[in-house]
Protein chains: 2
Amino acid sequence: MTQFDLLLVGNGNVARRFVSLLEERRGVLGRRYAIRARVVGVKTRRSSAESTVDFIRAACARHAAAARERRLVVVETTTLDVAKGEPATSHVRAALAGRAHVITTNKGPTAFAYRSLRRAAERAGRKFLFEGAVMDGIPIFNLVRDALPAVTIIGFRGVVNSTTNYVLTAMERGETFDGALAAMQRSGIAEADASLDIEGWDAAAKTAVLANVLLGARVTPHSVDREGVNAAAAHRILAAQAVGRRVKLVASAEKAGGVVRGRVLLVDLPETDLLAGLDGQENALILHTDLLGEVAIVQRGSGLTPTAYGLVADLVSILRDVQRTRASRRSPGPARRDRNP
Amino acid sequence: MTQFDLLLVGNGNVARRFVSLLEERRGVLGRRYAIRARVVGVKTRRSSAESTVDFIRAACARHAAAARERRLVVVETTTLDVAKGEPATSHVRAALAGRAHVITTNKGPTAFAYRSLRRAAERAGRKFLFEGAVMDGIPIFNLVRDALPAVTIIGFRGVVNSTTNYVLTAMERGETFDGALAAMQRSGIAEADASLDIEGWDAAAKTAVLANVLLGARVTPHSVDREGVNAAAAHRILAAQAVGRRVKLVASAEKAGGVVRGRVLLVDLPETDLLAGLDGQENALILHTDLLGEVAIVQRGSGLTPTAYGLVADLVSILRDVQRTRASRRSPGPARRDRNP
C-alpha cells in the first residue's frame, strides 16, 4: 500500500471535489492500485499570512520523510493567470525543489514553463502532471503517454473551451451573444468575469499546453494567434448556416519545418466535420498521428467531477511511475540480464 | 534492455507489417522503452505438418529460458472463426501454458473465452492482450486500463465495422448495395467473402469482445442480437435521409441489473449524433462512464499499419507489466513500508 500525503494549494471547488472523490473511490483505489491518500496541509490565500511559496517550502521540509519516500504530493488548483502563469509556476517549482510530486488543473505552469518544469521534475526525480488542465479529466496526456507508445503526434485541432462553444450554439438558435453569455453565468458554468473564455485566452492557454507537451513546442498563450467570440460573430454564424456550415472556435497547432504555430480562430466548418457536430459544452480534440492517422477524443459531459478526476488519474500515474522507477533502480531482474545485441 | 523473443502464429499481412513496424521503430522502442524484439519462430498452416498447438508447445519448450524470464511472446494473427473462436483460443491456451505472453489481433479468443483466458494468464503470470482486435490499434483497452483508472464503464455504443459503414455511406449517395460492396472488394478493403462483415458477424464479435472486457460480461457473438446490411436496407436509408437522419450499423451493450445485453442493429440516427457523422470507413466508440459522462474515441484512418500497431502497443504494455510485477515482487521499497492505517 502506498500512502500519499497531499498538500492542497488552493482549496476551491475542484480541490474539495478531488478530496471527496478520493473518499468515494477509496475502495477501488485501495484494492486495485494499493493507493491511500490523506490531506496533510492546506493553503489558501486566506489560510495564513505567509506566501504560498514559503508555505510549500516549509510544508515540504515538515514532511521530508514522505517526500524522500516519494509519496508527498502538492495538489495545485489555483486559478489561471494568463499574463505570466504566476504564481502557479513558482508553486510548482517550490514543490519540486522540496521533492514533492505536483499534480495540477492549472494551465498556467504548462502553458508558460513546461520545458523548464519538466527538467526540474526530472532533476528532482518527481512527477509534474496536469491531466485536468485540458478537457477536464478526459485523458489526453495519459492517452498519448500510456496508450500511444511510439506514436508521434504531428499536430492537432479541437474545440477546447465550453463557454464559447455554448455561446456559439445558442447564437445559431437565434439568441444574442449577451443573452447566451448571461444564461451561462446564471447557471454557474461561466465565470462572472468570462473574458478569459470569451476573448479566447482559455483556449489559447490550452493550445499552448497541448503544443508544448504533445509537439515539443515552446509557445505561450501570447504567441498563439488568437480570436474570441463576440456579438459581431452573429453575421458569420448566419452566413455559415445559410450554406450548411457551422462556426466553431478551433484551437490548433502543427509542426512544420521544426516550428510549431498555435492558433485559436473562428472557423466555419462543413457539417460533416467532427468538430462541427459538437453542441453546447461538448469538447473534442483530433490528434494527427504518424501511425494511426487521425484519432479523436470527444468529451460529452463536463463539470466538476471530470475536472477533479484528472487529479485522481494523475495520482495513479505517480504510483505507476514510482513502481517503475523502483523496479529499474533496484532490481536487475531476469530480463535485464539479457546480453544480446 | 528487454529482448522479446517472438513466435509468430499466422504470418499474413498483419504479422508482416508488425515485424516491419518493429524494425522501423527500433530506435524509439530501444531509447524510450528499452525494448528489443526478434522473431524466433514462425508457424503458418503451410510451414509444417504438425498442428499449430503442437508447434506452440514445442516452441515454448525450446525457448523455456526466455519464457521463464517473461520475454517470450506468441503473436497470434490467424483469421477469425466466428463459429467457436477456434483454433485461435487453443493457440492462446497453449501459449499461456508454455509461459509465453500472448498478443493477438484475432477477436475470437476474447469474444468466446475471455474470462477463462484471463484466468489462465493470471495463473501463468503472463499477459494476454488484444488491442488490435477492435478499431485496429486505436487504443480502447489500453485507454480504459491505463488512462481511465478507477472509472467504471456502464455501457457503450459505436460503429465498429468499416465495410458496412462504407457500404451504407455509398448507398446514401445512390449506389446499389452490390455495387458498393464490389467496389470495396476490388480495392482490397473488403474480403472476397465479405459475409462476416455484411451479416454483422464481425461487429457482433467486436461487441462480445468489448462487452466481455469492459463490462465483465459473458457473451459470445452468438448471444449478441445481430442485424446486417443488405440490399433491402436501401428503403430505410432513403426514408431516413428524407427526414435528415442517417442509418448506421450500431454495436452496443449496457449493464442493467447485472445482465449485459449486446446488440448490432441498423439504427437511424439524428444527424447531430456523433455516430451519424462517420463517413466511409471511419469508426467510433462512445463509452458511457460513471465519472466522466460519455467519452468517445474516433478512428479516422484505417488500414494495415494501425492494426499492426495494436501489437506494438501490446508489446509495450507487456514490458510495463513485467517491470511493475518485478517491482512489487522484489523490492519492499520505502513507500511499501508505510504502516499507517
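The values are calculated or read from the model by the stated rules, or taken from the named source; none is laboratory data. Keep in mind it's a predicted model, so treat the numbers as computed, not measured. Don't worry about glycine lacking a Cβ; one is built from the backbone with ideal geometry, like all the others, and counts go over all protein chains shown. Just so you know, the surface numbers come from the protein's heavy atoms only, side chains and all, with ligands and any DNA or RNA stripped out. Shrake-Rupley method; radii C 1.70, N 1.55, O 1.52, S 1.80 Å.
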statement: Within the range A:205-230, restricting to residues that are of a type in the set (S, T, N, Q) and in a loop (DSSP other than H, G, I, E, B), the one that is most open to solvent (accessible area, probe 1.4 Å) is A:N230
- prompt: Which one of these is within 23 Å of A:A203 (Cα to Cα) and either touching a Cys at 6+ places or on another chain (Cβ under 9 Å) or modelled with pLDDT of 95 or more (or both): A:E76, A:E122?
  reply: A:E76
- request: Could you run through the range B:147-186 and say how many residues are of a type in the set (V, I, T) and closer than 24 Å to B:R245 by Cβ?
  value: 7
query: Quick one: which of B:A49, B:A59, B:A37 is in contact with a Gly (Cβ under 6 Å, 6 or more places away or on another chain) and of a type in the set (A, V, I, L, M)?
result: B:A59
- request: Would you please name the residue that is farthest from the other protein chains (Cβ to nearest Cβ), looking only at residues in the range B:241-271 that are among the β-branched types (V, I, T) and open to solvent by 60 Å² or more (accessible area, probe 1.4 Å)?
  value: B:V259
- prompt: Here are some residues: A:R17, A:R45, A:R57. Which one is among the basic types (K, R) and at pLDDT below 95?
  reply: A:R45
field: Residues of the range B:292-316 classified as part of a helix (DSSP H, G or I) and β-branched (V, I, T), total
entry: 4
task: Name the residue, out of B:D202, B:D136, that is in contact (Cβ under 8 Å) with a residue 60 or more places away in the chain, surrounded by 20 or more Cβ atoms within 10 Å (Cβ to Cβ) and on the phi > 0 side of the Ramachandran plot.
output: B:D136
query: Do any helices (runs of 4 or more DSSP H) entirely within the range A:21-131 hold 1 or more residues that are out of contact with any Asp or Glu (no Cβ under 8 Å at 6 or more places or on another chain) and away from every other protein chain (no Cβ under 14 Å), and if so, which?
result: A:52-62, A:88-97, A:108-124
task: Return yes when B:E191 is under 22 Å from B:A308 (Cβ atoms), more than 13 Å from chain A (Cβ to nearest Cβ) and not hydrophobic (A, V, I, L, M, F, W, C) and no when it is not.
output: yes
- request: Could you grab me the full set of residues in the range B:136-151 that are at the interface with chain A (Cβ under 7 Å from one of its Cβ atoms) and part of a helix (DSSP H, G or I)?
  value: B:N142, B:L143, B:D146, B:A147
query: A:A120 versus (1) more than 16 Å from A:L6 (Cβ to Cβ); (2) open to solvent by 40 Å² or more (accessible area, probe 1.4 Å): which is the lone unmet condition?
result: (2)
message: Which count do you get for residues in the range A:272-302 that are more than 7 Å from chain B (Cβ to nearest Cβ), open to solvent by 10 Å² or more (accessible area, probe 1.4 Å), farther than 29 Å from A:G216 by Cβ and in contact with a Gly (Cβ under 9 Å, 6 or more places away or on another chain)?
response: 1
query: Going by the structure shown, is B:G216 farther than 12 Å from B:G158 by Cβ and within 14 Å of chain A (Cβ to nearest Cβ)?
result: yes
query: Among all residue pairs at least 6 apart or on different chains, which show Cβ distances below 9 Å where the first residue, located in the range A:268-286, is under 15 Å from B:V295 (Cα atoms) and in contact (Cβ under 8 Å) with a residue 60 or more places away in the chain and the second is in a helix (DSSP H, G or I) and aromatic (F, W, Y)?
result: A:D279/A:Y166; A:Q281/A:Y166
Filtered residue count, the range A:166-199, keeping only those that are part of a loop (DSSP other than H, G, I, E, B) and open to solvent by less than 40 Å² (accessible area, probe 1.4 Å): 2
message: Which condition from (1) modelled with pLDDT of 95 or more; (2) closer than 19 Å to A:T307 by Cα; (3) among the hydrophobic types (A, V, I, L, M, F, W, C) is the one that A:M184 breaks?
response: (1)
- request: Name the residue, out of A:T164, A:T207, A:T176, that is in contact with a Leu (Cβ under 6 Å, 6 or more places away or on another chain) and hydroxyl-bearing (S, T, Y).
  value: A:T164
query: Looking at this structure, is A:L319 within 14 Å of chain B (Cβ to nearest Cβ) and either in a strand (DSSP E or B) or in contact with a Gly (Cβ under 9 Å, 6 or more places away or on another chain) (or both)?
result: no
query: Looking at this structure, is B:V75 open to solvent by less than 10 Å² (accessible area, probe 1.4 Å) and under 27 Å from B:R326 (Cα atoms)?
result: yes
query: All but one of (1) free of Cβ contacts under 8 Å to residues at least 12 places away in the same chain; (2) open to solvent by less than 20 Å² (accessible area, probe 1.4 Å); (3) of a type outside the set (S, T, N, Q) hold for B:L238; which doesn't?
result: (2)
- request: Those residues that are closer than 18 Å to B:L22 by Cβ and open to solvent by 40 Å² or more (accessible area, probe 1.4 Å), I need them from the range B:41-62; list them, please.
  value: B:V42
query: Across the range B:255-299, what is the total count of residues that are among the acidic types (D, E) and within 19 Å of the chain's Cα centre (by Cα)?
result: 1
- request: Within the range B:147-181, track down each residue that is free of Cβ contacts under 8 Å to residues at least 12 places away in the same chain and in contact with a helix residue (DSSP H, G or I) (Cβ under 6 Å, 6 or more places away or on another chain).
  value: B:A147, B:P149
task: Please determine, by comparing only the residues of the range B:79-92 that are surrounded by fewer than 23 Cβ atoms within 10 Å (Cβ to Cβ) and in contact (Cβ under 8 Å) with a residue 40 or more places away in the chain, which one is farthest from B:F4 (Cα to Cα).
output: B:V82
message: Against the definition (touching a Phe, Trp or Tyr at 6+ places or on another chain (Cβ under 8 Å) and surrounded by 16 or more Cβ atoms within 10 Å (Cβ to Cβ)), how does B:A233 come out, yes or no?
response: yes
